[in-house]
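Since every read-out is calculated from the coordinates, none of them should be taken as a lab result. In this text the structure is predicted, and so the values were computed from the model without any measurement. All Cβ positions, even for glycine, are placed from backbone atoms using ideal geometry, and neighbour counts span all protein chains on display.
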């Protein structure tokens, strides 16, 4: 944070130079800064309140109330939540679902988008519509038949100890990929349209096969879009709890979002501890967001520009 | 698979390796989409005309339009749920959505700290719903919550029960939902603004348009594709609103004052009652309303590509 704040001032005069250097300009920016800073602060208050609660001991808040000055702050609640709720186990479950789901979604949707935007088959528009519309169907509409279907599909023992797609991480990964491909295909096909056709046509003349065009030319060019989609998809998939709630029966197979409910049931008398546990579950998505933040906006060229 | 005469690449040109590659990377997601998303959606439509307890497949009885008749005439939570979904949509479309667009427009100016403001306002979208639910619980808690403490209503004899009072709880949840939605719309619109040609804005400024006129008459008009996406996101998020209500309602299904279609479906399908036909009919109602939104979106987005 501090490094960006320090680097910015050197760039700001350059940005301001092209405009007419009239006196009203800086004043209007001050108003804008006040507004944006105010909104930002207002938006952060709920989160800061949770952080504040999580740092105080239960004894302190029980004696003085939550709306009071702290009598000592510490990270004990975090340590307790981490060790007492089996959090590392559920975090691993979440990662084992989220990472393959995001990678699978990006790979398959990139392939469909590549196909739709590069090949003039008549049904490609229908294909794109089928994917886009599929993503917009409410999950509740699918759940009953999907549940029955999952009970019918067998899996080998090395993949799932339930021997079924039901109650296994594979089932959750499969529905995430099927469901999320629509949005990614839509964004990526818009993005790929902005890549000049000449680039891949040159590759065809050079005799490159389609799969090499795809992996060596198109995919590297789509990196900003991948960064943006990876951010959004990681957030959505990691945070989802509807599919695990309905398609995973066993408590200890569930991801961290639905497992947090256990913590709440177990320690409902100690909100400070639950606050610490809840905030810790947010760390993975925060890391992804901060890591890919630079390309986040530029990669989401949804329907804009030449699209 | 007939290709139109205008096709730039003919399928006949592909080698065997390329055909295998395309079949695999296109075939797998298409199959997953059809089997896991579209097939269950159609099966839900079929189940909505039956009565079934959800246990034995042999117990499915055809009942025609009976479920629909029951829902419309003899299911007390249905009309409140419809009303709440409409309120949800109107609230989201009138407050967080325009505010998100407004913030995006302010952030698009080349000013300092843009990324810090962006991060602060988008942060609620990054947090998992477990965290969001918990954050608002410790704000709305009648006895110890931040809101009652600040308002001074906590110690008094009758603390305001923000999440329990049926006249208040929908609005309390809408504030939490708007807190997240604003950042989402802001990011989507910001991405659209990045693809906007600055020359158009400069031309408007030369013609003597002020900031508001430039936005309403030039930028907003030129960003029609993004506006459509924002509209669809707002409508779809309002229709399938589930997670945040489920978490803030205590995770036990619908609660007086907070009934929503998605929660009623879950009540009937997942609850012990096992009214699958009934829940499916509710799902079809939700599906039909969603399809109206999806259809509008697809027609608007893909019409120009058809030509």
For residue A:68 and residue A:194, compute 0.36 nm times the residue count separating them, minus their Cα-Cα distance, and round to one decimal in nm. 39.8 nm
At what distance in nm do the modelled label points of residue B:292 and residue A:48 sit from each other, each positioned 7 Å from its Cα along Cα→Cβ? 4.3 nm
Expected integer from the mean partner chain Cβ neighbour count at 10 Å over A:38-49 is 6
P(r) for region A:85-299: what percent of alpha-carbon pairs falls in each 10 Å bin, starting at zero? 8, 28, 31, 22, 9, 2, 0
Fluctuation leader among B:280, B:177, B:51 - chain B, Gaussian network, Cα springs under 10 angstrom: B:51
Output for the protein assembly as shown (equivalent-ellipsoid semi-axes, sqrt of 5λ from the C-alpha gyration tensor, Å, descending) is 38, 35, 24
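In which sequence would A:89, A:176 go, from the one with the fewest C-beta neighbours within 10 Å to the one with the most?
A:89, A:176
Using only alpha carbons, build the gyration tensor for region B:116-202 and give me the equivalent ellipsoid semi-axes, biggest first, whole Å.
They are 36, 12, 12 Å, listed from largest to smallest.
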So for region B:54-109, what are the equivalent ellipsoid semi-axes in whole Å, largest first, each being the square root of 5 times an eigenvalue of the Cα gyration tensor? 43, 16, 8
Between region B:188-248 and region B:108-146, how many Å separate their Cα centres? 22 Å
Which residue, B:34, B:193, B:95, has the most motion in a Gaussian network model of chain B that connects Cα atoms within less than 10 Å? B:34
Quick check: residue separation of residue A:298 and residue A:125 times 0.36 nm, minus the Cα distance between them. What number comes out in nm? 59.7 nm
Stretched out fully, how many nm does the piece from residue A:201 to residue A:107 gain, at 0.36 nm a residue minus the Cα gap? 31.6 nm
Over the Cα atoms of region B:81-301, compute the convex hull volume and normalise it per residue, giving Å³. 146 Å³
Applying a 10 Å radius around every beta-carbon, put B:137-143, A:166-172 in order of their mean neighbour count, most first. A:166-172, B:137-143
For region A:28-74, take the alpha-carbon Rg, divide it by the Kirkwood Rh, and send me Rg/Rh. 1.23
Which whole number gives the average count of other chain Cβ atoms within 10 Å of the Cβ atoms across peptide B:237-246? 2
Here the relative contact order (percent) of chain B, from C-alpha pairs under 8 Å and at least 6 apart, is 26 percent
Using only DSSP helix segments of four residues or longer, with each worth -39500 (n - 2.57), what per-residue ellipticity at 222 nm results for chain B after dividing by its residue count and rounding to 500? -20500 deg cm²/dmol
Take the Cβ-Cβ distance between residue B:46 and residue A:164 as r, set R0 to 22 Å, and report the resulting FRET efficiency rounded to the nearest 0.05. 0.45
Max mean-square fluctuation residue, GNM over chain B, Cα-Cα springs under 10 Å, options B:33, B:90, B:291: B:33
Suppose R0 equals 45 Å; then what is the FRET efficiency for residue B:216 and residue A:219 from their Cβ-Cβ distance, rounded to the nearest 0.05? 0.70
Can you give me the distance in nm between label points at residue A:208 and residue A:30, each placed 7 Å from the Cα along the Cα-to-Cβ direction? 5.4 nm
Packing rank of A:142-148, B:36-42, where each peptide gets the mean count of other beta carbons within 10 Å, highest leading: A:142-148, B:36-42
Quantify how strongly other chains surround peptide A:276-282 by giving the mean number of their Cβ atoms within 10 Å of each of its Cβ atoms. 5
